[in-house]
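The values are calculated or read from the model by the stated rules, or taken from the named source; none is laboratory data. For clarity, every value in this text was computed on a predicted model and none was experimentally measured. A quick note on method: Cβ atoms are made from the backbone with ideal geometry, for glycine too, and the neighbour counts reach across all protein chains shown. Areas reflect the complete protein model, heavy atoms only, side chains present, ligands, DNA and RNA absent. Shrake-Rupley method; radii C 1.70, N 1.55, O 1.52, S 1.80 Å.
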Amino acid sequence: MIFESGFRAARRTPGAASAIQSSCDIFSAMTPTTAKTRLTREESRAQTRERLIETAQQLFVSNGYGGASIRDIADKAGYSQGAFYSNFSSKEDVLLELLRRHMEAEALQLFKAMGDERQEPEQMLAELEAWASTLNHDADWCMLSIELQLHANRSRSFAQEYKKVWDRHRSEIGGVIGQLFDKVGRALPAAPEELAAAFMALSHGLALQRMSTRPDPSGRLIMVFLRGLIASAERLKEVVVPTDDPAARAPKKRPAKAKPKR
């Protein structure tokens with residue numbers, strides 16, 4: 001009541017009303033704006049999709065693929081089951097998306113390490129060593145890779161899609177291995193994709209045996225085997241590059257045979 005009566009009195013006083021209005025304007029200017037930028041429909045859907053993928057990964061790792069239902073994923077992400085089905089047709093779709101993302105990120109890192117053709121062989125191996133040292137450091141991915149393999153063994157439809165992603169990744173790694181052997185001047189001891197499959201199996205097997213109390217040896221052991229294969233491989237035969245000298249390219253005349261004496 002005191003403030004109210006004071007305000008009324010101020011309104012009757014010449015100049016007081018304008019002073020009050022000025023004070024209100026200053027106070028309003030000092031108040032921080034909290035308006036949020038509205039997302040477009042596409043941005044909102046992308047945000048929903050990302051949140052569902054992140055939540056699904058957490059639940060697959062903590063509860064197992066079979067122990068995480070679509071309702072669990074949607075509820076924890078803060079969406080309805082309808083929001084899930086507007087982005088994915090099934091849990092398998094989410095699992096495949098997680099696999100694709102991991103494989104693509106791994107291939108991208110590998111290509112960055114091997115992308116410069118001007119690198120010397122030892123520098124290239126050092127780059128590979130740095131890349132390999134990061135393998136299987138993500139404990140969640142190690143757990144998720146087990147879920148992927150188990151579900152591929154149980155579901156024929158999932159196994160077909162799983163194989164497509166796996167084969168593409170194996171082909172990419174095989175290309176890098178072929179590039180490396182060519183760079184060091186050694187012959188491949190087996191087909192590039194066979195070597196890639198062997199290294200992938202080694203990494204995958206070590207991930208399955210991972211112990212939280214010990215550092216993961218995957219990257220170090222992969223490089224040990226890779227260097228061993230390079231050291232034991234046959235050297236590539238040197239290719240003679242033809243010279244630009246026309247005289248050198250011209251076939252040499254054979255000496256004429258001496259006529260037999262009669």
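Kindly evaluate Ala130 against the criterion of being closer than 30 Å to Leu180 by Cβ and open to solvent by 40 Å² or more (accessible area, probe 1.4 Å). The answer is yes for Ala130. Among the residues of the range 104-145, those that are among the polar types (S, T, N, Q) and more than 17 Å from the chain's Cα centre (by Cα) comprise Gln119, Gln123. Where helices (runs of 4 or more DSSP H) fall wholly inside the range 37-96, the ranges with 2 or more residues that are closer than 21 Å to Ser155 by Cβ and either open to solvent by less than 20 Å² (accessible area, probe 1.4 Å) or in contact (Cβ under 8 Å) with a residue 60 or more places away in the chain (or both) are 41-63. The condition of being open to solvent by 60 Å² or more (accessible area, probe 1.4 Å), in contact with a Phe, Trp or Tyr (Cβ under 8 Å, 6 or more places away or on another chain) and either of a type outside the set (Ser, Thr, Tyr) or over 30 Å from Leu59 (Cα atoms) (or both) holds for only one of Leu144, Leu150, that being Leu150. Of the listed requirements (1) within 19 Å of Gly67 (Cα to Cα); (2) among the aliphatic types (A, V, I, L, M); (3) open to solvent by less than 60 Å² (accessible area, probe 1.4 Å), Leu135 misses just one: (1).
Is it true that Leu108 is surrounded by fewer than 17 Cβ atoms within 10 Å (Cβ to Cβ) and out of contact with any His (no Cβ under 6 Å at 6 or more places or on another chain)? So Leu108 passes the test. Screening the candidates Leu125, Leu208 for the property of being at pLDDT below 85, within 20 Å of Gly219 (Cβ to Cβ) and among the hydrophobic types (A, V, I, L, M, F, W, C) yields one hit, Leu208. Remark: Lys163 matches the filter, which requires a residue to be farther than 28 Å from Leu236 by Cα and out of contact with any strand residue (DSSP E or B) (no Cβ under 6 Å at 6 or more places or on another chain). If you check Leu208 against the conditions, is it in contact (Cβ under 8 Å) with a residue 40 or more places away in the chain, in contact with a Gly (Cβ under 8 Å, 6 or more places away or on another chain) and under 25 Å from Glu92 (Cα atoms)? In short, no.
Annotation: Ser28 fulfils all but one of (1) in a helix (DSSP H, G or I); (2) modelled with pLDDT of 85 or more; (3) polar (S, T, N, Q); the unmet one is (2). The numbered conditions (1) modelled with pLDDT under 65; (2) in contact with a helix residue (DSSP H, G or I) (Cβ under 6 Å, 6 or more places away or on another chain) are all true for Thr243 except (2).
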